[in-house]
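Chemist: Before I ask anything, here is the structure I am working with.
The values are calculated or read from the model by the stated rules, or taken from the named source; none is laboratory data. Because the structure is predicted, anything quoted here is derived from the model rather than measured. Neighbour counts run over all protein chains shown; Cβ positions are idealised from the backbone, glycine included.
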Amino acid sequence: MTYAVVYASATGNTKLLAEEIRKGLGEEECICFGTAEEAETAAEADIIFAGFWTDKGNCSGELGQFLEGLHGRKVFLFGTAGFGGAQSYFDQILERVKGHLTADNEVVGTYMCQGKMSQSVRKRYEGMLEQNPGDERIKGMIENFDRALQHPDEADLKALRETVSRVL
Ligand SMILES: Cc1cc2nc3c(=O)[nH]c(=O)nc-3n(C[C@H](O)[C@H](O)[C@H](O)COP(=O)(O)O)c2cc1C
């Protein structure tokens, strides 16, 4: 079985997942590992692991375009998002990302976890809290931000390895 890992990762979280997949499956059968721009040979693989960072509830544009170009492939989608804690949230994002695939592809598995965000986001939340002192929703966003700083963590990577090995 050959495989490809194609990912978009602006700040490195999703790249960690991509590397974990390759570590788990070994380099021998990996025919392509890289970003969507580097992925010419990926479509020849038996299974394509496509990784995305969540950009406004969807995958980023270049990964979406890559998915739109796939036909008749087995695809495993993986990604990271700043907001964690609820699989239902991840599922909504995954449904949108699946929307980039034509119906002749088969999604053989999915995995998502939380990923840390840049400090500028926390600064923005802090500014919002200053404007609205005590606002529970904003406090929750700051708490989420702080939790995200730990992710992807070892437990996330282990869960990814397990999900991948169940699919294969
Ligand atoms: C412009 C922008 C938009 C984002 N939109 C979302 C979003 O809609 N939902 C979410 O949960 N996280 C969102 N995030 C957070 C990132 O998806 C998250 O930090 C991710 O782990 C980044 O992955 P990377 O390090 O592979 O780039 C956004 C981040 C940026 C910079």
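Chemist: Among the listed residues MET128, MET117, identify the single one that is outside any loop (DSSP other than H, G, I, E, B) and either free of Cβ contacts under 8 Å to residues at least 40 places away in the same chain or within 10 Å of the ligand (Cβ to nearest atom) (or both).
Modeler: So the residue among MET128, MET117 that is outside any loop (DSSP other than H, G, I, E, B) and either free of Cβ contacts under 8 Å to residues at least 40 places away in the same chain or within 10 Å of the ligand (Cβ to nearest atom) (or both) is MET128.
Chemist: While we're on this one: If you check GLY127, GLY72, GLY99, GLY140, which single one turns out to be exposed (fewer than 14 other Cβ atoms within 10 Å of the Cβ) and on the phi > 0 side of the Ramachandran plot?
Modeler: GLY72
Chemist: Are any residues in region 43-59 within 11 Å of the ligand (Cβ to nearest atom) and either modelled with pLDDT under 95 or surrounded by fewer than 19 Cβ atoms within 10 Å (Cβ to Cβ) (or both), and if so, which ones?
Modeler: Residues satisfying the conditions are ASP55, LYS56, GLY57, ASN58.
Chemist: Another question about this same structure. Taking the conditions exactly as written (surrounded by 13 or more Cβ atoms within 10 Å (Cβ to Cβ), over 16 Å from the mean Cα position of the chain (by Cα) and touching a residue at least 24 places away in the same chain (Cβ under 8 Å)), does LEU77 satisfy them or not?
Modeler: no
Chemist: A further question follows. If we scan region 69-90, do we find a residue that is closer than 21 Å to PHE33 by Cβ, of a type in the set (Ser, Thr, Tyr) and either touching a Gly at 6+ places or on another chain (Cβ under 8 Å) or within 8 Å of the ligand (Cβ to nearest atom) (or both)?
Modeler: Yes: region 69-90 contains one or more residues that are closer than 21 Å to PHE33 by Cβ, of a type in the set (Ser, Thr, Tyr) and either touching a Gly at 6+ places or on another chain (Cβ under 8 Å) or within 8 Å of the ligand (Cβ to nearest atom) (or both).
Chemist: Which pairs turn up if I take residues in region 80-94 that are more than 15 Å from ALA50 (Cα to Cα) and look for partners that are part of a strand (DSSP E or B) and among the hydrophobic types (A, V, I, L, M, F, W, C) with beta carbon separation below 6 Å, at least 6 apart in sequence or on another chain?
Modeler: Filtered contacts from region 80-94: PHE90/MET112.
Chemist: So, one more: When region 1-42 is examined, which residues are found to be touching a Lys or Arg at 6+ places or on another chain (Cβ under 7 Å) and either free of Cβ contacts under 8 Å to residues at least 40 places away in the same chain or more than 11 Å from the ligand (Cβ to nearest atom) (or both)?
Modeler: VAL5, GLU20, GLY24, CYS30, PHE33
Chemist: Filter region 119-133 down to the residues that are over 23 Å from the mean Cα position of the chain (by Cα) and not charged (D, E, K, R), then identify the one that is nearest to ASP146 (Cα to Cα).
Modeler: Filtering region 119-133 for residues that are over 23 Å from the mean Cα position of the chain (by Cα) and not charged (D, E, K, R), the one nearest to ASP146 (Cα to Cα) comes out as TYR125.
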